[in-house]
Amino acid sequence: AMERLVERLEKAVERLESVCQGPGMCGDGSAKGVAQYVQAFDALLAGPVAEYIKISKDVGGDVQKHAEMVHAGLMSERALLVVASQHQQPAENAFSALLKPISEQIQVVQNFREKNRGSKLFNHLSAVSESIPALGWVAMAPKPGPYVKEMTDAAMFYTNRILKEYKDVDKKQVDWVKAYLSIWTELQAYIKEYHTTGLTWSKTGPVATEGAKAAPSAPAGAAPPPPGPPPPPAPLSSSTDDSASRSALFAQINRGEGITSGLRHVSDDMKTHKNPALKNQGGPVRSGPKPFTAPKPACNANPSQTTSPKAPPLLELEGKKWRVENQENATNLVISDTELKQVAYVFKCTNSTLQIKGKINSITLDNCKKLGLVFDDVVGIVEIINSRDVKVQVMGKVPTISINKTDGCHVYLSQSSLDCEIVSAKSSEMNVLIPTEGGDFTEFPVPEQFKTVWNGQKLVTTVTEIAG
């Protein structure tokens with residue numbers, strides 16, 4: 001399937017290149033016929049993008065394949081820029097159709113990461129997958145630049161891991177990170193100069209239509225089959241400034257099957273601060289809750305509610321990595337045969353408890369809900385990311401626990417791990433429980449709100465105590 005995909009991408013790129021023979025050859029075939037902002041985009045392709053493609057080739061494997069997909073996305077973007085430079089702004093529905101090749105390519109990039117969770121270069125794939133929606137800036141008015149920055153920040157969570165892993169080991173990986181991130185920082189500068197409040201359309205020329213192509217148009221019938229069903233078009237809108245409908249198409253992209261899935265509107269009755277009854281459902285917690293009670297399996301849950309095919313549950317050792325994935329209502333998962341060099345990666349587990357015995361290198365909980373983890377010793381880090389309502393209990397020692405993009409996290413420390421560092425970002429309802437002499441726990445909330453002031457020399461940030 002991979003070969004077919006690459007072949008299809010190559011065809012798509014060839015098609016785009018036949019439309020635009022290299023930099024400065026679009027439109028009437030002479031450099032003067034190319035809008036200045038298309039030439040500037042070509043400079044971006046010839047600079048940071050080419051560098052990223054070159055280094056990705058050196059890194060090879062999944063990273064190289066991924067880079068080819070990213071390149072195809074950038075070429076689709078270039079084709080749209082050429083159309084915009086020669087046409088007037090179209091109605092919303094025609095614009096959505098013009099955006100489709102880009103949104104489909106974003107999906108291709110994100111799916112590749114999902115299908116390769118076991119990859120040795122998973123952090124690289126994640127950095128790219130989490131930030132590739134940046135290509136959707138063309139649909140984001142009035143703030144395309146900040147949108148790209150937000151996506152770049154999402155990449156940096158993973159590129160920082162790569163730097164940490166390879167900093168003194170492999171300069172090529174460090175160069176890869178620099179090259180990849182520079183695409184997005186340069187793109188921000190490019191947007192600021194040419195498309196500050198949204199994609200700039202031509203004031204002259206015909207109004208763009210669904211089939212609008214840069215002149216001369218590509219031969220009909222050359223189109224490869226589209227990758228899967230396209231996202232539904234953005235809703236029609238009478239006002240062309242309506243960025244909400246414009247970004248609807250790109251909101252679809254983030255759906256993937258990936259980490260971004262499961263976003264749901266939270267109504268007021270589901271929010272603890274608007275519905276205090278929710279907080280008390282588990283009885284009063286302050287007095288020192290018991291770490292884990294086995295969750296009761298949901299009775300006669302209606303199987304037709306879940307439409308997507310369920311991924312099979314896994315608990316296996318692959319090389320040095322224990323993979324625990326897609327476990328549901330499994331209340332007694334145990335990993336006992338551990339070694340120091342092993343890591344555990346726990347993904348998409350729900351309503352389950354996992355015990356890891358012995359001493360291992362690191363543990364990552366990703367996309368888990370209502371999960372209880374008990375472990376003995378970790379020499380590196382325990383990371384909790386994109387999760388909800390997790391409880392983690394250390395029996396021995398752990399130097400660092402990192403909590404990221406997680407809502408609801410209880411960390412039970414042992415007497416010998418009281419010097420553990422807890423690093424948190426973009427998370428809420430975190431509590432650390434400290435053991436008392438009587439064998440109970442005392443609960444302390446981790447601050448979520450900060451106050452920053454300028455003191456004349458630098459910014460000074462302090463924790464604000466939230467009343468209540």
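The values are calculated or read from the model by the stated rules, or taken from the named source; none is laboratory data. These numbers were taken from a predicted model, which means no experiment stands behind them. Every residue, glycine among them, receives a Cβ derived from its backbone with ideal geometry; neighbour counts consider all protein chains shown. The area values use the complete protein model at the heavy-atom level, side chains included, leaving out ligands, DNA and RNA. Shrake-Rupley method; radii C 1.70, N 1.55, O 1.52, S 1.80 Å.
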Problem set entry | In segment 340-366, the residues that are crowded, with 22+ Cβ neighbours inside 10 Å and not β-branched (Val, Ile, Thr) | ALA344, LYS348, CYS349, SER352, LEU354, LEU365
Problem set entry | Contacts under 6 angstrom Cβ, first residue in segment 436-450 being open to solvent by less than 60 Å² (accessible area, probe 1.4 Å), partner outside any loop (DSSP other than H, G, I, E, B) and β-branched (Val, Ile, Thr), 6 or more apart | THR436/THR442; THR442/ILE434; PRO447/VAL463
Problem set entry | Sole exception among (1) at pLDDT 95 or above; (2) open to solvent by 30 Å² or more (accessible area, probe 1.4 Å) for VAL411, by number | (2)
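Sort out which residues of segment 63-99 are more than 23 Å from GLN39 (Cα to Cα) and at pLDDT below 95, and write them in order of number. Break it down stepwise before answering.
Here is the first cut: in segment 63-99, the residues more than 23 Å from GLN39 (Cα to Cα) are 63-66, 91-94, 96-97.
The answer is ALA91, GLU92, ASN93, ALA94, SER96, ALA97.
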Exercise. Does segment 419-430 hold any residues that are farther than 18 Å from LEU373 by Cβ and open to solvent by less than 80 Å² (accessible area, probe 1.4 Å), and which are they?
Worked result: ALA425, SER428
Seminar exercise, completed: Residues of segment 47-87 being touching a residue at least 12 places away in the same chain (Cβ under 8 Å) and not in a helix (DSSP H, G or I), in sequence order, are HIS87
For this session: From the list ASP366, ASP337, ASP376, pick out the single residue that is in the same structural domain as PRO399 (by the TED database), closer than 17 Å to VAL394 by Cα and not aromatic (Phe, Trp, Tyr).
Result: ASP376
For this session: Filter segment 141-160 down to residues that are open to solvent by 30 Å² or more (accessible area, probe 1.4 Å) and part of a loop (DSSP other than H, G, I, E, B) and give me whichever is nearest to LEU187 (Cα to Cα).
Result: LYS143
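Residues in segment 164-209 that are hydrophobic (A, V, I, L, M, F, W, C), surrounded by 16 or more Cβ atoms within 10 Å (Cβ to Cβ) and not in a helix (DSSP H, G or I): how many? Walk me through it before giving the result.
First pass over segment 164-209, keeping only residues hydrophobic (A, V, I, L, M, F, W, C): 169, 174, 176-177, 179, 181, 183-184, 187, 189, 191, 199, 201, 207-208.
So of that shortlist, the ones also surrounded by 16 or more Cβ atoms within 10 Å (Cβ to Cβ) come out as 174, 176-177, 179, 181, 183-184, 187, 191, 199, 201, 208.
From what is left, the residues that are not in a helix (DSSP H, G or I) are 199, 201, 208.
Residues that pass the stated criteria total 3.
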Problem set entry | So SER217, is it at pLDDT below 50, among the small types (Gly, Ala, Ser) and touching a helix residue (DSSP H, G or I) at 6+ places or on another chain (Cβ under 9 Å) | yes
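Are any residues in segment 413-459 assigned to a strand (DSSP E or B), of a type in the set (A, V, I, L, M, F, W, C) and under 26 Å from ASP153 (Cα atoms), and if so, which ones? Walk me through how you get there before you give the answer.
Quick first cut of segment 413-459, residues assigned to a strand (DSSP E or B) only: 421-425, 428-435, 441-445, 450-454, 459.
Checking which are of a type in the set (A, V, I, L, M, F, W, C) leaves us with 422-423, 425, 430, 432-434, 441, 444, 450, 453-454, 459.
The answer is ILE422, VAL423, ALA425, MET430, PHE450, VAL453, TRP454, LEU459.
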For this session: Kindly check whether there is at least one residue in segment 88-110 that is buried (at least 21 other Cβ atoms within 10 Å of the Cβ) and not in a helix (DSSP H, G or I).
Result: yes
Problem set entry | Residues being modelled with pLDDT under 90, closer than 24 Å to ASN386 by Cβ and small (Gly, Ala, Ser) - total across segment 417-467 | 0
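Say whether the condition of being crowded, with 16+ Cβ neighbours inside 10 Å, of a type outside the set (Ser, Thr, Tyr), more than 25 Å from the chain's Cα centre (by Cα) and closer than 25 Å to PRO309 by Cα is met by at least one residue in segment 386-404. Show your work before the answer.
Looking only at segment 386-404, we keep the residues that are crowded, with 16+ Cβ neighbours inside 10 Å, and these are 386-395, 397-398, 401-404.
Now narrow it down to the ones that are of a type outside the set (Ser, Thr, Tyr): 386, 388-395, 397-398, 401, 403-404.
Subset that is more than 25 Å from the chain's Cα centre (by Cα): 393-395, 397-398.
When the remaining residues are screened for being closer than 25 Å to PRO309 by Cα, the result is none.
There is no residue in segment 386-404 that is crowded, with 16+ Cβ neighbours inside 10 Å, of a type outside the set (Ser, Thr, Tyr), more than 25 Å from the chain's Cα centre (by Cα) and closer than 25 Å to PRO309 by Cα.
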For this session: Could you list all residues from segment 354-380 that are part of a loop (DSSP other than H, G, I, E, B) and closer than 18 Å to THR406 by Cβ?
Result: ASN367, CYS368
Exercise. Scanning for something of a type outside the set (A, V, I, L, M) and in contact (Cβ under 8 Å) with a residue 40 or more places away in the chain, does segment 333-343 turn up at least one residue?
Worked result: no
